[in-house]
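> Have a look at this one before I ask anything.
The values are calculated or read from the model by the stated rules, or taken from the named source; none is laboratory data. Please read all numbers here as calculations on a predicted model, not as lab measurements. FYI the Cβ positions are ideal-geometry reconstructions off the backbone, even for glycines, and counts take in every protein chain you see. These area figures cover heavy atoms from the full protein model, side chains too; ligands, DNA and RNA do not enter into them. Shrake-Rupley method; radii C 1.70, N 1.55, O 1.52, S 1.80 Å.
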Amino acid sequence: MSSTRIFHRTILAENIAKRTLSAKGASGVFISAPRRTGKSTLINEDIIPFLKSQSAEVIYVDLWSDRSRDPGDLISEAVRDHLQKREGTLLQWARRGGLDKVNVAGIQLDIGKVGIGSGKTIAKALAELSDATKAMIVLVIDEAQHAITTDAGASALFALKAARDQLNGSNHYGFRLIATGSNRDKLSLLVQGKDQAFLSAVLLDLEPLGDDYLVWEMEQYDGEVKPSLDVLHAAFIAAGHKPESLRKALDDLAFRFDVTAENVDTVFQEVLNKIMADAKQGFMREVNGLPPLQAAVLTVMANTGHDFAPFRTNTYEMYKDACARLTNAAVTIEDSSIQYALEALRTKSLVWKSSRGVYAIEDSQHATWLKEE
């Protein structure tokens, strides 16, 4: 049994899940929250269990689970794996339909007609799963913005749209999509572009963890003295509402043997400030090690945000200004060198790129630090 401590957000999870299962969630529900603020924990520990308690057939895939894999392959694999887990149910359903073979996820079994192997679409496979289980299918995609970084991933989203349109008809039991993302600008590309599969789906900004979470953390804390709730609240905001940073600060505080009831708030603030400063320093050290043009491109991206246009004339002027501040050496700034810099930054996981050529800084915290500098 895992000893990991879990803070449950039961009411919030049930509200999201119920709205998703209702007619209002039929187009899809997209949930945005910064990275490491508890989004995946809410999905896996609270929303998915509630969906299952409502007899939904839940399929989960994390597009960050293996970043070397194409997102389209990860989505298809998640569907195939789920079909294999439900093999017995599918076989019984196929027999009742008078079929004499079944092919689940491309593997020939005793009976075959179900799967998404050759000649079998995701929409068809999910429709058959819905019919066999007599349940609504809910596909949960974590870090969904990565789906549009490849053509195969974008195609998978259109396949899921086809599944949604088919399963939400009167002949089946329904389909819902929950997609999460750690950057709102990136996630919005999936629902706001006129050529996107889930145009006009709901885009929800997940509310950050609140004081009830901080009170819960203090109940778990076994230090001799505890910081006040007011200081915890301010510190948590400064840490970007990230439980990982808060817990690290509390763990470090527990090893400060000079802490008293009189100075605990001050010491805790000092500990957290050092953690945040160290994290920023580590990132800036990486930036300072970049070639001048790559560092300049990253800086311009941070300062222009979603208005970043890499190959526009005014952007080139910003590159030149940034390079002049970074080096006295001449830097070639032209389309090919900018393209190379962007691809190099993407390879280093500092920049995200959609299959349509939209660029953004991978981690929003990095953009904040760059703007501070």
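> Normalising by the residue count of the range 249-335, find the relative contact order in percent from Cα pairs under 8 Å and 6+ residues apart.
Numbers: 41 pairs, mean separation 19.8, N = 87.
With pairs under 8 Å counted, the relative contact order is 23 percent.
> Let me ask something else. Mind listing the phi-derived Karplus ³J(HN,Hα) values for the range 10-17, rounded to whole Hz, using 6.51, -1.76 and 1.60 with θ = phi - 60°, and x for any glycine or proline?
After applying 6.51 cos²θ - 1.76 cosθ + 1.60, I find 4, 5, 4, 4, 5, 5, 5, 5 Hz.
> Sticking with this one: What is the dipole size for the chain, taken about its Cα centre, with +1 at each Lys and Arg Cβ and -1 at each Asp and Glu Cβ, in debye to the nearest 20? Walk me through the numbers before you get to the answer.
Working: 43 positive and 49 negative charges, 319 e Å.
The dipole magnitude comes to about 1540 debye.
> Next question. Tell me which residues come under 5 Å, amide H to amide H, from I59 once H is placed; ignore anything under 5 positions away on its chain.
Here V138, L139, V140 satisfy the definition.
> Any idea of the accessible area per residue across the chain, 1.4 Å probe, to the nearest Å²? Mind dumping the intermediate values first?
Working: 18390 Å² over 373 residues.
Here the per-residue accessible area is 49 Å².
> Something else now. Rounded, prolate or oblate: which fits the range 256-347, taking a ≥ b ≥ c as square roots of the Cα gyration tensor eigenvalues, rounded meaning a/c under 1.5, else prolate when a/b beats b/c?
Here the range 256-347 falls in the prolate category.
> A follow-up question, please. What are the ³J(HN,Hα) values, in whole Hz, obtained from phi via the Karplus relation 6.51 cos²θ - 1.76 cosθ + 1.60 with θ = phi - 60°, for each residue of the range 306-320 in sequence order, with x given for Gly and Pro?
My calculation for the range 306-320 gives 6, 8, 4, 10, x, 10, 7, 4, 5, 5, 4, 5, 5, 4, 4 Hz in order.
> Among L272, V215, Y340, whose Cα projects farthest towards the positive end of the dipole of the range 186-343, with charges put on the beta-carbon of Lys, Arg (+1) and Asp, Glu (-1)?
Projecting each Cα onto the dipole axis, the largest value belongs to Y340.
> Could you give the alpha-carbon Rg of the range 303-368 over 2.2 N^0.38 Å, rounded to two decimals?
Against the compact-globule rule of thumb, the ratio is 1.12.
> Select one label from [x] 28; [y] 15; [z] 32: the one whose number is percent of Cα pairs over 40 Å apart as derived from the coordinates shown.
Here percent of Cα pairs over 40 Å apart agrees with entry [x].
> Over the range 151-222, what is the mean sequence separation of C-alpha contacts under 8 Å (at least six apart), divided by residue count, expressed as relative contact order in percent?
19 percent
> For the range 44-55, just list the computed ³J(HN,Hα) in residue order, Karplus coefficients 6.51, -1.76 and 1.60, θ = phi - 60°, integers in Hz, with x standing in for Gly and Pro.
7, 9, 10, 5, 4, x, 5, 4, 5, 5, 9, 6
> How much of the accessible area of the chain, probe 1.4 Å, is carbon plus sulfur, in whole percent? Don't skip to the end; give the middle numbers.
Numbers: 8920 of 18390 Å².
Answer for the chain: carbon and sulfur cover 49 percent of the accessible area.
> Then there is this: With unit charges on the beta carbons (Lys and Arg positive, Asp and Glu negative) and the dipole taken about the Cα centre of the chain, which residue among A33, T149, P310 sits farthest to the positive side?
T149
> Before rounding to the nearest 500, sum -39500 (n - 2.57) across all DSSP H runs of length at least 4 in the chain and divide by the residue total; then give [θ] at 222 nm in deg cm²/dmol.
After summing the helix terms and dividing by residue count, I get -16000 deg cm²/dmol.
> Using 0.36 nm per residue, how much length does the chain from R67 to R256 gain when fully extended, once their Cα-Cα distance is taken away?
So the chain would gain 64.2 nm between R67 and R256.
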